[in-house]
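First the structure, in the form of structure tokens, and then the observations on it.
Nothing in this text is a laboratory measurement; each read-out follows from the coordinates by a stated rule. Predicted model, so just to flag it, every value in this text is computed and none were measured. We place every Cβ from the backbone using ideal geometry, glycine too, and count neighbours over all the protein chains shown.
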Amino acid sequence: MAEQVAKLEVRWRLSRHAYRLLTLGLAAAFIATIARRPEFAGVAAPALLLLAAGRGTRPAAVTVHTQASTGRAFEGELVALDARAEGTGDLLIRWTLHPGKGLDPAGSASADGARVRLLVRPEHWGRRQLGTLDLVLRDRWRLTEGHVSIALPRIDCYPHPAEQQTQVVLSKLPNRLGEHKARTWGDGTEFAGIRQYVPGDRQRSINWPASTRQGRLQVNMFTAERSQDVVLLADATSDVGEPGFSALDLALRGAAAAARAYLASRDRVGVITYQWGGATWLAPGLGKRQLYKIIDTMLASDAGWAQGSSFQRLPRAALPPGSLVIVFSPLLDQRFVETLRDMRERGFTLLVIDVLNAEPPTRQRIVDRLARRIWKMEQEAIRFSLRELGIPVVRWDGVGSLDLPLAPYTRRPLLQSGTRR
Amino acid sequence: MSRQVSATQPGPDDTTATWAGLGRAALASPTMYSTVAAILLGVACTVWAEVPGPRGDGAAFVLFLAIVCLVGSALRLALAGVPMPEDMFLLPTGLQLWLNFLRYIRLPPWEEGAVITILWLEVFHSSRPWHTALLGAALIAYLMAVHLAESGARPAALRPQVPVLALGACLLALGAGIAMLPAVTPSAGSTLLRTVAALAVVAAAGLVLPYITTRRL
């Protein structure tokens, strides 16, 4: 992150230490005069002498350099803040960091010296101000204090991705080079079988042991290796549950994990953040930078209300036909459930990861218990109806790996709508 | 995505180790020693000003005020490291009460009150110059310890003040010596004259000192 340089005015004032010395000196002198006791004049002497001696140069302004080690950090990652002051002369310098919301100081929040390094740790994802840095200048007599306050830059705190190693692969992959085994033959590295040699086959693919056994030339066949388009659909409508493990937290962490896993296997990954009928989207793309673009898109949608275009009018680039749509949602918004049904009817292959991590509170009243039971039945009905439509729904608690709930779908290709079994 | 930053990572969630770590951190903190020193010096000053027992009316009340100020000062210094949240909305009532207590304990000038009441306690006794001089030295030490405790500075930070404090100690002794001089006449004017003389010496030293400090210290 670029260094931030600011020349700031210093607000000077007497320190509390000076006020205390003044109190002692004046009180003792007053008592000496009133009570006519010279020994109290002696008591006043050290304090008054210290106050009299304390004169020095006090700069009107100082130049402060601040630089954060990064502008982007994952939850729990350390961010270092380097600060340096110029034009302070021989003044004593003390820095105190007041971290912004969602940031926790790692170690001491205060440090002495003209050049310091302070550490903060983001606790929760989001776009956050690093906070403010207070600079206190003290003269060598510690009687005056100069105060300077510096507003620190903003950092993007990314959700800590969950663990995911395996991928769900579609049964029908587009004709694009990738790393997933397709059902067709091609120029991959995975052995698929042998067939009889026909003129034009490469000589190096002849399987000599099989040819010897059968008396005719046989050649090896390999599976094609293709990539797929994956669209991550994060439902930001409902954020329920314990802070830090709410539905939205789990959705973003899961989406980040899925993006990382699919991008690692050379798939094109995009994201759509659904929010009250609106959507913020990023077209599928390749590469490591796409991961940060995806997370940035998800963070940008955390504005609290609908932004971007309407979900019903998303362009083809945002939702390519034949793509695998992985949905992270607590399935609490009926409109979103209807949207999933609509997408399924339009032929998209969906996989829903249920991130609902909370239930209504348990109370003793029979009406409350009845309401809770009806709510649970409604939730089960929603999930059942989606399964009936051919949309798998798996539950993820946000603690374990995503591979576990996805295991039934990662062992074999996920059948697309209209594909024969 | 970011440069690696070296720092001590928190260990496993072991309660015993955590408490042991907190204890070590508290002992290693220079503020802790300064705070204890400030509290002990405050108590010593009060006891020193109080012995051999109060004289006159109102001494008990002044002693009570001094104790209140010392307790307030001790609490303020001991709880200075407790952070305050930016807002107190939606916090439990107990926590809000605690935070309000912390906020209000930091407002009053407890140390100034303690200094005035301790000096006032000393006035209740008849003249005893060396006793008062020692009290003055202890009060200066008390204020220095309070400053170290609240600023987090190490005692070495007070090194530049040592020559001035030495000069102050000389004037302290001089004041006590003036008070011990036998009065020329039994009238009140004699004691007033000696007091004015002592104050004049202090004032003269205070006027001369800045020129010396700017050149030598």
Inset, instruction - In Å and from the alpha-carbon atoms only, list the Rg and Dmax of the protein assembly as shown. - result: 37.7, 143
Inset, instruction - Quick one: grab the alpha carbon gyration tensor of segment B:29-155, order the square roots of its eigenvalues as a ≥ b ≥ c, and give me rounded if a/c is under 1.5, else prolate or oblate depending on whether a/b is larger than b/c. - result: oblate
Inset, instruction - In nm, give the distance between the simple-model label positions of B:Ala156 and A:Gln196, each being 7 Å from the Cα along the Cα-to-Cβ direction. - result: 9.3 nm
Inset, instruction - Using a cut-off of 13 Å between beta-carbons, work out the net charge of the residues near A:Ser238 (Lys and Arg +1, Asp and Glu -1, A:Ser238 not included). - result: -4
Legend entry - Net dipole in debye of segment B:29-155 [+1 Lys, Arg Cβ; -1 Asp, Glu Cβ; about Cα centre; nearest 20]: 180 debye
Legend entry - Spatial separation of Cα centroids for segment B:87-163 and segment A:210-259, in angstrom: 65 Å
Inset, instruction - Note the angle between two axes, namely the Cα long axis of helix A:366-388 and the longest principal axis of the Cα atoms of chain A, as a number of degrees from 0 to 90, rounded to the nearest 10. - result: 50 degrees
Legend entry - Cα long-axis angle, helix A:334-345 against chain A (0 to 90 degrees, to the nearest 10): 30 degrees
Legend entry - Under 30 Å from the Cα of A:Lys288 - lysines, other chains or at least 8 residues apart: A:Lys101, A:Lys172, A:Lys181
Legend entry - Candidates per chymotrypsin sites (Phe, Trp or Tyr not before Pro) in segment B:68-107, loop by DSSP, up to 11 other Cβ within 10 Å: B:Phe89
Legend entry - Mean ellipticity per residue at 222 nm, deg cm²/dmol - from DSSP H runs of n ≥ 4 across the protein assembly as shown, formula -39500 (n - 2.57): -14000 deg cm²/dmol
Inset, instruction - Whole Å is fine, so just give me how far the alpha carbon centre of segment A:67-120 lies from that of segment A:393-414. - result: 41 Å
Inset, instruction - Provide the net charge surrounding A:His147, with neighbours chosen by a C-beta distance below 14 Å and charges set as Lys +1, Arg +1, Asp -1, Glu -1. - result: +2
Inset, instruction - Using label points projected 7 Å from each Cα along Cα→Cβ, tell me how many nm separate A:Arg395 and A:Glu378, to one decimal. - result: 1.8 nm
Inset, instruction - Lys and Arg at +1, Asp and Glu at -1: add these up for the other residues within a Cβ distance under 12 Å of A:Gln165 and post the number. - result: -1
Legend entry - Selection of trypsin sites (Lys or Arg not before Pro), segment A:33-77, meeting DSSP coil and at most 16 other Cβ within 10 Å: A:Arg55
Legend entry - Straight-distance crosslink candidates among aspartates and glutamates, where the alpha carbon sits under 19 Å from A:Lys376 and sequence neighbours closer than 8 are dropped: A:Asp239, A:Glu242, A:Asp333, A:Glu338, A:Asp354, A:Glu359, A:Asp368, A:Glu388, A:Asp397
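How large is the charge dipole for segment A:229-410, taken about the Cα centre, if only the Cβ atoms of Lys, Arg (+1) and Asp, Glu (-1) carry charge, to the nearest 20 debye?
200 debye
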Inset, instruction - Treating cross-link reach as a plain straight distance, find the aspartates and glutamates whose alpha-carbon is under 15 Å from the alpha-carbon of A:Lys7, omitting any fewer than eight places away in the same chain. - result: A:Glu86, A:Asp134
